[in-house]
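Enquirer: Got a structure here, written out as structure tokens. Questions coming.
The values are calculated or read from the model by the stated rules, or taken from the named source; none is laboratory data. Since this is a predicted model, take the numbers as computed values, not measurements. Positions of Cβ are backbone-derived with ideal geometry, glycine not excepted, and every protein chain shown enters the neighbour counts. Protein only, heavy atoms only, side chains kept; ligands, DNA and RNA dropped before computing areas. Shrake-Rupley method; radii C 1.70, N 1.55, O 1.52, S 1.80 Å.
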Amino acid sequence: MGFSVTNQRNGSQFIADKKETILDAALRDNRIYPYGCRNGVCGACKCSLLSGTVDYGEYEDFALSDEEKREGKFLACQATALEDIVIDADEVMVGQSIQIKMLPCRVGKIERLADDVICLFLMLPKTQEFNFIPGQYIDIILKDGQRRSFSIGNLPEDAKTEGIELHIRLVPDGHFTPRVFESIKQRDLMRFEGPFGTYFFQSEPTKPVIMIAGGTGFSPIKGLFEQAMNENPNQSIHLFWGARDQEDLYMGQLVEKWLKKYPNLKYTPVLSENNTENWIGATGWVHDAVCEEYESFEEFDVYASGPPIMVNSVRDSLSKKNMHIERFFFDSFDFAPQN
Ligand SMILES: Cc1cc2nc3c(=O)[nH]c(=O)nc-3n(C[C@H](O)[C@H](O)[C@H](O)COP(=O)(O)OP(=O)(O)OC[C@H]3O[C@@H](n4cnc5c(N)ncnc54)[C@H](O)[C@@H]3O)c2cc1C
């Protein structure tokens with residue numbers, strides 16, 4: 001037996017089991033609320049509690065402040081219902097059914113994109129269907145049960161033939177990523193669960209769009225951009241890619257190809273630690289470069305993915321220049337909880 005959760009926004013109702021988070025219960029019922037890390041860190045799944053009580057679960061203070069709690073906010077990815085509750089939550093409409101699955105896979109192609117970035121393709125057994133929306137992510141399940149999240153960099157139709165594309169940055173003291181750099185090889189067996197997240201391309205064809213990638217935050221941006229161009233090759237998109245140095249812009253040649261093909265794409269690479277003399281592009285922090293370029297962000301849909309500090313800086317600085325917060329879509333690459 002569980003408790004009923006009613007979403008006042010659209011009148012929908014589902015049951016949440018006693019120890020089940022509101023987000024898991026909603027997903028089980030094929031209801032997709034905006035969410036990101038599922039660890040109580042990124043804050044993307046914040047909703048309002050209108051009646052009843054919840055156990056707030058474990059979360060970072062910056063993801064849900066005491067003041068927000070007093071205002072009735074909670075994080076759907078951590079909170080569990082303690083009685084029947086009524087909430088107010090946005091619901092993301094997707095035109096296809098997305099089933100979250102746990103699947104085995106084999107490592108396919110492995111490509112070194114930079115000193116500390118590897119592109120890994122995961123091949124599924126031929127009998128398995130795996131559907132996702134470009135921009136979503138998967139959790140790789142490690143042998144000890146820990147999970148590590150990585151965004152999918154290609155389109156579903158490409159993933160079927162070439163494998164699911166991941167851009168993995170080395171975290172030198174990390175539990176998982178050093179293994180990818182030191183010992184992973186083709187045909188190794190792995191397991192993952194997914195797809196997760198609501199970082200989808202959801203802009204009207206006439207809407208001007210800004211996409212901002214930080215480092216390997218380019219991976220979901222690549223999926224979002226390719227999907228956007230499949231649907232409307234004339235969409236106006238300004239892509240910013242923030243990286244430490246030129247080598248970090250590890251798919252610069254692909255972006256050059258896009259620039260030749262899509263007339264309304266503009267590209268601004270931004271280096272924070274430039275040490276090449278011939279660099280004529282922007283330098284500094286990517287959010288500053290975006291802010292310098294535009295007086296106001298009122299008319300834009302903005303997509304940002306990469307390190308949490310970059311995503312937060314983009315949100316803070318663009319909000320001060322009229323960005324509509326409900327038109328800000330993000331995936332913050334928060335770290336997994338340490339077990
Ligand atoms: C939704 C989502 C999507 C993501 N997509 C991608 C992706 O496409 N590509 C990608 O490279 N990463 C991505 N990440 C980040 C990635 O999951 C972590 O960097 C990775 O899990 C690190 O694993 P690890 O076991 O090597 O390090 P851990 O053992 O988890 O970490 C070891 C130490 O390093 C710190 N740390 C962990 N990760 C980072 C980091 N990224 N930068 C700096 N310090 C870190 C931790 O605080 C910890 O102290 C994503 C994260 C989320 C939540």
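Enquirer: What translational diffusion coefficient, in µm²/s and rounded to a whole number, does the Stokes-Einstein relation yield for segment 16-56 at 25 °C and a viscosity of 0.890 mPa s, taking the hydrodynamic radius as the Kirkwood radius over Cα pairs?
Expert: 219
Enquirer: While we're looking at this one, here's another question. Going by accessible area, probe 1.4 Å, with all protein chains left in place, what is the ranking of Asp301, Asp90, largest first?
Expert: Putting Asp301, Asp90 in descending order of accessible area: Asp90, Asp301.
Enquirer: Multiply the residue gap between Asn275 and Asn10 by 0.36 nm, knock off their C-alpha separation, and tell me the result in nm, one decimal place.
Expert: The span from Asn275 to Asn10 would gain 90.1 nm if fully extended.
Enquirer: Further question: Nearest-5 percent of antiparallel DSSP beta bridges in the chain?
Expert: Here the antiparallel bridges make up roughly 60 percent for the chain.
Enquirer: Using only Cα positions of segment 209-332, each an equal point scatterer, no hydration layer, compute I(q)/I(0) via Debye at q = 0.20, 0.23 Å⁻¹ and quote the log10 values to two decimals.
Expert: Rounded to two decimals, the profile gives -1.16, -1.50.
Enquirer: Hey, if we sort Leu189, Leu254 by accessible area with the 1.4 Å probe, largest down, what's the order?
Expert: Greatest to least solvent exposure: Leu189, Leu254.
Enquirer: Quickly rank 63-70, 51-58, 19-26 as a protection proxy: mean count of other C-beta atoms within 10 Å, highest first.
Expert: Output ranking for 63-70, 51-58, 19-26: 19-26, 51-58, 63-70.
Enquirer: Take the Cα radius of gyration of segment 37-118 and divide it by 2.2 N^0.38 Å, with N its residue count; two decimals is plenty.
Expert: Expressed relative to 2.2 N^0.38 Å, the Cα Rg reads 1.55.
Enquirer: Accessible area of segment 98-228 with a 1.4 Å probe: how many percent of it is carbon plus sulfur?
Expert: 49
Enquirer: Which angle between 0 and 90 degrees, to the nearest 10, do you get for helix 252-261 versus the longest principal axis of the chain when only C-alpha atoms count?
Expert: For 252-261 against the chain, the angle is about 90 degrees.
Enquirer: According to the square roots a ≥ b ≥ c of the eigenvalues of the Cα gyration tensor, what is the shape class of segment 105-163, taking rounded for a/c under 1.5, prolate for a/b larger than b/c otherwise, and oblate for the remainder?
Expert: Rounded, because the longest to shortest axis ratio a/c is under 1.5.
Enquirer: Residues of the chain: accessible area per residue at 1.4 Å, in Å²?
Expert: 49
Enquirer: Starting from 0.36 nm per residue, how many nanometres of slack lie between Asn131 and Ile309 once their C-alpha separation is accounted for?
Expert: 61.0 nm
Enquirer: Only helical DSSP H runs with n ≥ 4 go in: add -39500 (n - 2.57) per run for the chain, normalise by residue count and round the 222 nm mean residue ellipticity to 500 deg cm²/dmol.
Expert: -5500 deg cm²/dmol
Enquirer: In square nanometres, what is one fourth of the surface area of the convex hull spanned by the alpha carbons of the chain?
Expert: The Cα convex hull of the chain, projected and averaged over all directions, gives 18.0 nm².
Enquirer: Take every Cα pair under 8 Å in segment 209-332 that's 6+ residues apart, average their separations, divide by the length, and report that relative contact order as a whole percent.
Expert: 28
Enquirer: What angle do you read, to the nearest 10 degrees and between 0 and 90, between the alpha-carbon axis of helix 218-231 and the longest principal axis of the chain?
Expert: 90
Enquirer: Starting from the coordinates of the alpha-carbon atoms of segment 2-88, obtain the Kirkwood hydrodynamic radius over all distinct pairs and give the value in Å to one decimal.
Expert: Radius from the Kirkwood sum: 12.5 Å.
Enquirer: Let me ask another. Using Cα positions and a limit of under 24 Å, work out the lysines in reach of Lys126, with same-chain residues fewer than 8 apart set aside.
Expert: Cα-Cα hits under 24 Å: Lys101, Lys109, Lys143, Lys160, Lys185.
Enquirer: Carbon and sulfur together cover what percent of the accessible area of segment 21-84 at a 1.4 Å probe radius?
Expert: The computed percentage sits at 39.
Enquirer: Related question: Counting only protein heavy atoms, what percent of the accessible surface of segment 250-326 is carbon or sulfur at a 1.4 Å probe?
Expert: 50
Enquirer: Calculate, in nm to one decimal, what Lys261 and Arg70 gain on full extension: separation in residues at 0.36 nm each, minus their alpha carbon distance.
Expert: 63.7 nm
Enquirer: Within segment 192-233, which residues have the backbone N less than 18 Å from the label spot 7 Å out from Phe335 along Cα→beta-carbon, could you tell me?
Expert: 215-217
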